[in-house]
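Read-outs throughout are calculated quantities, based only on the coordinates presented, and are distinct from any laboratory measurement. Remember, predicted model here, so these are calculated numbers, not experimental data. A quick note on method: Cβ atoms are made from the backbone with ideal geometry, for glycine too, and the neighbour counts reach across all protein chains shown.
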């Protein structure tokens, strides 16, 4: 496990009361499905297909934020085509990350408030959570279009915590795998946690650096258990 911001011993850290998670490629592996659906859309509109790495780099923001710059005035047509393809394959391609369910179970047993804040369309997001029978772990599952704005705006974070009595701050951790998640955590005033195998490079995320970096779900579980 790797950690950043000078907290390798946990000194000065506050154990969270709530942990909010990104969904795609933080708790589950969905890149192959996203890659297939976006390339079906791009090629139908006469664009070159993206490489797998290009998909991983570009497919970060919500569709309503990312499609208009690509498809212009026809972005709503592109949205329909994308979702038609995505809906046909997203459940069969869903793969939980190793240790994710074990981590969620331990956090739930410990009394932590758990939620999801994703830029995936809310209806598809909740269908995937239900498909894995993970509904019982989360108090709120917030996807794209559920709030007035999507990540990195803080609105979906505020929606995820609504009614919990927990305010954004040091007691709320936001765990995700991309710069959009870290930016959202900073914007909402939560503790940003980077969950990915690769350690962050110096100044990789500019002003949105993670407070913690962990390699995977089990490493996050161990980190919080230590505090």
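Here's the yes/no breakdown for (1) within 19 Å of residue 214 (Cα to Cα); (2) in contact with a strand residue (DSSP E or B) (Cβ under 9 Å, 6 or more places away or on another chain):
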residue	(1), (2)
68	no, no
73	no, no
81	no, no
86	no, yes
101	yes, no
105	yes, no
120	no, yes
130	no, no
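Given the structure, is residue 220 surrounded by 17 or more Cβ atoms within 10 Å (Cβ to Cβ) and within 15 Å of the chain's Cα centre (by Cα)?
The answer is yes for residue 220.
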(request) Report yes if residue 184 is assigned to a helix (DSSP H, G or I), surrounded by 24 or more Cβ atoms within 10 Å (Cβ to Cβ), touching a helix residue (DSSP H, G or I) at 6+ places or on another chain (Cβ under 8 Å) and in contact (Cβ under 8 Å) with a residue 40 or more places away in the chain, otherwise no. (result) yes
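For every residue, the table says whether it meets (1) without any contact (Cβ under 8 Å) to a residue 24 or more places away in the chain; (2) buried (at least 20 other Cβ atoms within 10 Å of the Cβ).
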| site | (1), (2) |
| --- | --- |
| 145 | no, no |
| 148 | yes, no |
| 188 | no, yes |
| 195 | no, yes |
| 200 | no, no |
| 214 | no, yes |
(message) Out of the residues in the stretch 110-128 meeting the condition of being crowded, with 22+ Cβ neighbours inside 10 Å and touching a helix residue (DSSP H, G or I) at 6+ places or on another chain (Cβ under 6 Å), tell me which one is farthest from residue 161 (Cα to Cα).
(response) 118
